[in-house]
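The values are calculated or read from the model by the stated rules, or taken from the named source; none is laboratory data. The structure displayed is predicted, hence computed values, not measured ones. Counting neighbours? That spans all protein chains shown, and the Cβs are built from the backbone with ideal geometry, glycine included. When the accessible area is computed, the model is the full protein with side chains, heavy atoms only, and any ligands, DNA or RNA have been set aside. Shrake-Rupley method; radii C 1.70, N 1.55, O 1.52, S 1.80 Å.
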Amino acid sequence: MAASIVLVFFVVPDDADQGFSQRIFYFHVPIALTAYVCFGWGGWKAFLHLWKRRPGADLESYVAIHLGVIFGALTLLTGSIWAKISWGHWWLWSENQLVLFLVLFLFYCAYFMLRFSVEPGRPRASMSAVYALFGVVLIPVSFLAIRLSQKFIHPVVFNSHGPQMTGSQFFTFCVSLAAMVALFATLYQVELAGKRLDAHVRELRELLSA
C-alpha cells in the first residue's frame with residue numbers, strides 16, 4: 001500500500017487531459033475490481049457450502065460479501081468524485097454501467113437483510129448461499145456494461161490492443177491493484193478470525209450457563 005501511494009503521488013506523471021485529478025484512477029479502478037473479487041469469493045464459498053457442506057464456508061462467504069459491500073461503497077464514492085471533477089457530474093442515471101454497479105451493490109446490501117431475518121442455523125446458511133450465488137451473475141453483467149458502453153463518462157483504458165497508458169502508469173496501476181487485493185485478503189483474515197473467536201466465546205458461555 002505504501003509503495004502504491006508513493007508511485008501514485010510522486011512517480012507517475014499527470015494525465016495529459018485530466019491532469020492531477022486522474023490519479024484517483026489508481027484508487028477507483030483497483031477498488032472496483034477488488035469489490036468484484038470479494039463478491040466472487042463470497043459466491044465461491046457459498047457454492048462450497050451448498051455442494052460439499054464444507055464447515056465454515058457459510059461464515060467465509062458472509063465475511064467476503066461484507067467486505068465486498070465496503071469496497072463497493074468506496075467504488076461508488078471515488079467514482080462520483082472522479083466524475084464530478086473530470087466531467088462535471090456526480091452521477092448520471094442514463095449511464096447503464098453506473099446503474100448496473102449500483103444494482104450489484106444494492107443486491108448484496110440486501111443479502112444482510114435476508115441473512116439476519118432468519119434464525120442462525122442450516123436453513124439460514126443455505127438461503128444466504130443461494131442468494132450469494134445469484135448475485136455472482138451480476139458481476140460479469142456489471143463489468144461488461146463498462147466495456148460495451150459508447151459514452152465518455154466511463155472511459156475504457158484496457159482494450160484488445162492492451163492498456164492505453166504509459167509503462168509507468170500501467171506499473172502503478174498493477175501495484176495499486178495488488179495493494180487493494182492484499183488489503184482485502186488481510187481484512188478478510190482479520191474479520192474471519194474475529195467472527196470465529198466470537199462464535200467460540202458464545203459456545204463457551206452456553207456451556208457454562210448449562
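Quick rundown of the values:
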read-out: Every pair of residues 6+ apart whose Cβ atoms lie under 6 Å, when the first sits in the stretch 1-23 and is free of Cβ contacts under 8 Å to residues at least 40 places away in the same chain while the second is in a helix (DSSP H, G or I); value: Asp14/Phe20; Asp15/Gln22; Arg23/Val8
read-out: The stretch 97-141 - residue that is among the aromatic types (Phe, Trp, Tyr) and farther than 12 Å from Tyr62 by Cα and, of those, most open to solvent (accessible area, probe 1.4 Å); value: Phe134
read-out: Pairs with Cβ under 7 Å, 6+ apart, first in the stretch 178-205 and within 24 Å of Ala2 (Cβ to Cβ), second not in a helix (DSSP H, G or I); value: Ala179/Met1; Leu183/Met1
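Results for (1) open to solvent by less than 10 Å² (accessible area, probe 1.4 Å); (2) more than 18 Å from Leu177 (Cα to Cα); (3) among the basic types (Lys, Arg), shown as yes or no for each residue.
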| site | (1), (2), (3) |
| --- | --- |
| Ile24 | no, no, no |
| Trp44 | no, yes, no |
| Phe47 | no, yes, no |
| Lys52 | no, yes, yes |
| Val63 | yes, yes, no |
| Gly68 | yes, no, no |
| Thr78 | no, no, no |
